[in-house]
Amino acid sequence: MSTQDLSGEAYWKANIRLVTICLVIWAVCSYGFGIILRPVLDAIPVGGVGLGFWFAQQGSMIVFLVLVFYYASQMNKLDRQFDVHED
Amino acid sequence: MDLQTLTYIVVGFTFTLYIGIAIWARAGTTSEFYAAGRGVHPVANGMATAADWMSAASFISMAGLIAFKGYDASLFLMGWTGGYVLLAMLLAPYLRKFGKFTVPEFIGDRYYSQTARLVAVICLIVASITYVIGQMKGIGVAFSRFLELDYETGLYVGMAIVFFYAVLGGMKGVTYTQIAQYCVLIFAYTVPAIFISMNLTGNPIPQLGLFSNTVADGTPLLVKLDQVVMDLGFAQYTAQKGGTLNMVLYTFSLMIGTAGLPHVIIRFFTVPKVKDARSSAGWALVFIAILYTTAPAVGSMARLNLTNTIQTGPVGEVSANLEYEKRPQWFKNWEKTGLLKYEDKNGDGRIQYYNDKNKDFAAKAESFGWKGNEMTKVDRDIMVLANPEIAKLPNWVIALVAAGGLAAALSTAAGLLLAISTSISHDLLKSMFMKGISEKNELLAARISMAGAIAVAGYLGLHPPGFAAQTVALAFGLAASSIFPALMMGIFNKRVNNTGAVTGMLVGLGSTLLYIFTYKGWFFLPGTNMLPNTTANHLFGISPEAFGAIGAMLNFASATIVSKMTAPPPEHIQHLVEDIRIPKGSGTAVDH
């Protein structure tokens, strides 16, 4: 831990990495599973239609929710780790 | 008690509740109009944000569009929720750290230029006015049904009420009123959905009912719906009808537009800490998702019930078409508003509702003695309000939905009007053109601009450029192409300077407006469009509502190129950006 770079720049890099991961998942679940990859995912049946349809009308929104809370909790950890938290 | 009386009582009760709470909560909070959200728990703030955000478009219009477009309308669901992910990760925490109260203020400071601030105000006004036009359509529909008037008169009544509601002013900022509005709105939306889901599928949770088997014959709901609509020549409900590129861009436009809409962003300026800005976005999304995951169930079930009410048996049998004289009460009520129209084309006194534009089916229909679709107008925006009546639910549920629709429409319209008038009186007059303006005159200017905005939006609401949700989608495209890129580059790219940002905003807004006006008419005036608004005429099949995504890309590109060719921002601006990126020290920024 002691050798770790704790500068503002390193904090920012860690933040960008986290945002990038989250936004990739965000894009894959909505644009990917819900729209572009729908024909592939529809091979898996869900309630008379396919998984792609489910992602477009339900799943993507659930994923968004999980992502926002995951990001918020990870950022709280980063804030403490780099000692840039409030108070 | 008859429905009309019951509706008046429920609507009257909810309005009294809002006003009561506003007066009660006001005593402690008059000192700081904007600070209503500060010191409020992120969960409560999230609920208030959800009420502020979910407008007539979400409540009244969206499920109706889903009912008629099926899968293709998924873009509204993903687009209007996915934006919160961007807001939480790319904008909210940093703008909160910056600590000012309006979006043009941030842009003006970050790009160290009054011109940038002025351009931001223009972008904000254009996007907000377009948004209000969409609300006006929703308000017109809600009031015309509620008071049993025609759409036009309903709209005038709605305009008058919005004016008084918004001019009462500070009330809007009171978070507790919005929490009450959220409760009314979400209760009004989910209760009928639970009833209907129970009736059709036996599953009380609409989100699960949508993918369950029907009680009637055990076939899955969506399979049955596909069958029923295709039997009448309509397009398959669950199939993708539009182009994939258009759907992706449309969704993207709505997402970045959400993150760029000033009245949403403002909510995150006032939370106590940077940390809270991140989780507030999550809580807002929780409360929004409750309605948004219910909407596809409402849409599909409403469509099934509507079709089954008119086509009561096998297609082609004479007795399977509802007799006009035996039409249900809701049918008669909506006929009064002019939003539902019937014309007995073959003179048999029965209603034939089918797709006469489908050539194969039209030929078949002729052999039944049908002379064209007799439901000459079924306005999509009536579906949510009519839904509980179509499903024959108890009167109190119907009354509740009317109250919910009015709450959604009024709270958002008032919020937007406040955003418009604040930016004119505060960002334009006080900070630029009339620096010595007195507080009294500033308030007067705010009221005048609010009245002006209502008049413009109301006039255009008489001939809206689309259904409420589509009109609102245009507003998102405008915000997406102008405000979002300027904010995001302001935080993530230190190299972007004043000239770049101004060029970017003008290019983004200009190109998007041009594209919209080409198909929707100049300034949305009907008949002034230069090209017919059909997919064949669209550039690469991109609809005007989806063009915001392209406008945003042009904005990003032009801002980056112009910034590269001109001098970098001064040292202190680069420090400002570095400071925004770190949560520490946010406390001092609050006190402005």
Q) Is it possible to state the helix-based mean residue ellipticity at 222 nm for the protein assembly as shown, with each DSSP H run of 4+ residues giving -39500 (n - 2.57), the sum divided by total residues, to the nearest 500 deg cm²/dmol? What is it? A) -21500 deg cm²/dmol
Q) Rank B:Lys100, B:Lys564, B:Lys345 by accessible area, highest first, at a 1.4 Å probe radius? A) B:Lys564, B:Lys345, B:Lys100
Q. Going by accessible area, probe 1.4 Å, with all protein chains left in place, what is the ranking of B:Met255, B:Met198, largest first?
A. B:Met198, B:Met255
Q | Sulfur and carbon atoms: percent of accessible area, region A:8-81 [1.4 Å] | A | 72 percent
Q) What size of dipole, in debye to the nearest 20, comes out for region A:8-81 about its Cα centre when the only charges are +1 on Lys and Arg C-beta atoms and -1 on Asp and Glu C-beta atoms? A) 160 debye
Q.
If the only charges are +1 at each Lys and Arg Cβ and -1 at each Asp and Glu Cβ, what is the size of the charge dipole of the protein assembly as shown around the Cα centre, to the nearest 20 debye?
A. 920 debye
Q) What net charge is computed for the residues neighbouring B:His575, neighbours being all others with C-beta under 13 Å from the C-beta of B:His575, Lys and Arg scored +1, Asp and Glu -1? A) -1
(Q) Excluding ligands, DNA and RNA, what is the accessible area buried between chains B and A, summed over both sides, using a 1.4 Å probe, to the nearest 100 Å²? (A) 4000 Å²
Q.
Inside 10 Å of the C-beta atoms of B:246-252, what's the mean count of C-beta atoms belonging to other chains?
A. 3
Q) How much accessible area per residue does the protein assembly as shown have, in Å², with a 1.4 Å probe? A) 36 Å²
Q: Run down the aspartates and glutamates and flag those whose C-alpha is under 13 Å from the C-alpha of B:Lys435, throwing out any fewer than 8 positions away in its chain.
A: B:Asp427
Q: Sequence neighbours fewer than 8 away in the same chain don't count; with that in mind, list the lysines whose C-alpha is under 29 Å from B:Lys332.
A: B:Lys69, B:Lys137, B:Lys224, B:Lys341, B:Lys345, B:Lys357, B:Lys371, B:Lys377, B:Lys392
Q: Would you kindly state how much longer the chain becomes between B:Gln329 and B:Ala363 on full extension, computed as 0.36 nm times their sequence separation minus their alpha carbon distance, in nm to one decimal?
A: 9.0 nm
(Q) Whole percent per 10 Å bin, from 0 to the bin with the longest distance: what is P(r) over all C-alpha pairs of the protein assembly as shown? (A) 3, 15, 26, 27, 17, 8, 3, 1, 0
Q) Long-range amide H contacts for B:Arg350: which residues qualify at under 5 Å (H placed 1.01 Å from N, peptide plane, sequence gap of 5 or more or a different chain)? A) B:Tyr324
Q.
Modelling each spin label as a point 7 Å along the Cα-to-Cβ direction, I'd like the B:Met434/B:Leu245 distance in nm, to one decimal.
A. 4.9 nm
Q. Roughly how many whole Å is it from the C-alpha centroid of region B:526-591 to that of region B:306-374?
A. 48 Å
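So how do A:Glu86, B:Glu152, B:Glu571 rank on accessible area, 1.4 Å probe, biggest first, that is with the largest at the start?
The ranking, largest first, comes out as B:Glu571, B:Glu152, A:Glu86.
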Q.
If the reach is capped at under 16 angstrom between alpha carbons, list the aspartates and glutamates near B:Lys326, excluding any in the same chain fewer than eight residues apart.
A. B:Glu335, B:Glu343, B:Asp344, B:Asp348, B:Glu374, B:Glu389
**Q.** Amide proton proximity set for A:Val46, modelled H, under 5 Å, gap of 5+
**A.** A:Leu51
Q. Leaving out ligands, DNA and RNA, what percent of the accessible area of chain B is carbon and sulfur, probe 1.4 Å?
A. 65 percent
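The values are calculated or read from the model by the stated rules, or taken from the named source; none is laboratory data. All values derive from a computational prediction rather than experimental measurement. Glycine also receives a Cβ, built like all others from the backbone with ideal geometry; neighbour counts cover every protein chain displayed. For accessibility, only protein heavy atoms count, side chains too; no ligands or nucleic acids. Shrake-Rupley method; radii C 1.70, N 1.55, O 1.52, S 1.80 Å.
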